[in-house]
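One structure below.
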Amino acid sequence: MTKIMTKKFEVKAADGNYDIEGETLLQAIERNFEKIARKAYVGNAAGYRLQEARAEYAVGILGGAGGCRLTVKHAGQKLANGFDGEEKTTEIWIYARREDIADPHVFEFKA
């Protein structure tokens, strides 16, 4: 029986950092995207429409140590009062090494 090794990656958040897990950084982001979006306050009370999620290595973030920058382009869902959510871009930083995200990656989430 082969044991699959998972790695932990720390996500920086205003209300306290938290860990996500996966065999790779990209898998960890995919498996935990709902949690990441919720903790980053993506969207509004009615939810959000995801337009794009892109991960890439960024040299100057996290105190100059570098890490993964997850950029999420989204719009809030239409609210009961008729307000249609505005388009926004949210940036999330994840502690990672360059080897964890060697090339930029655009996620393809199913609607």
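A Cβ distance below 9 Å, combined with a sequence gap of six or more or placement on separate chains, defines the contacts here; from the range 85-105, residues that are surrounded by 14 or more Cβ atoms within 10 Å (Cβ to Cβ) reach residues that are of a type in the set (Asp, Glu) and part of a strand (DSSP E or B) in the pairs 94/10; 95/10; 96/10; 101/56; 105/56.
Can you find, within the range 10-38, the residue that is surrounded by the most Cβ atoms within 10 Å (Cβ to Cβ) among those that are more than 16 Å from residue 99 (Cβ to Cβ) and of a type in the set (Gly, Ala, Ser)? Only one residue tops the list, namely 37. Kindly provide the set of residues from the range 56-72 that are surrounded by fewer than 16 Cβ atoms within 10 Å (Cβ to Cβ) and under 10 Å from residue 101 (Cβ atoms), ordered by number. Answer for the range 56-72, where residues must be surrounded by fewer than 16 Cβ atoms within 10 Å (Cβ to Cβ) and under 10 Å from residue 101 (Cβ atoms): just 56.
A short reminder: the numbers here are calculations on the coordinates, not readings from a lab. Quick caveat, the model's predicted, so the values are computed rather than measured. With ideal geometry, Cβ positions are generated from the backbone for all residues, glycine too; neighbour counts draw on all protein chains shown.
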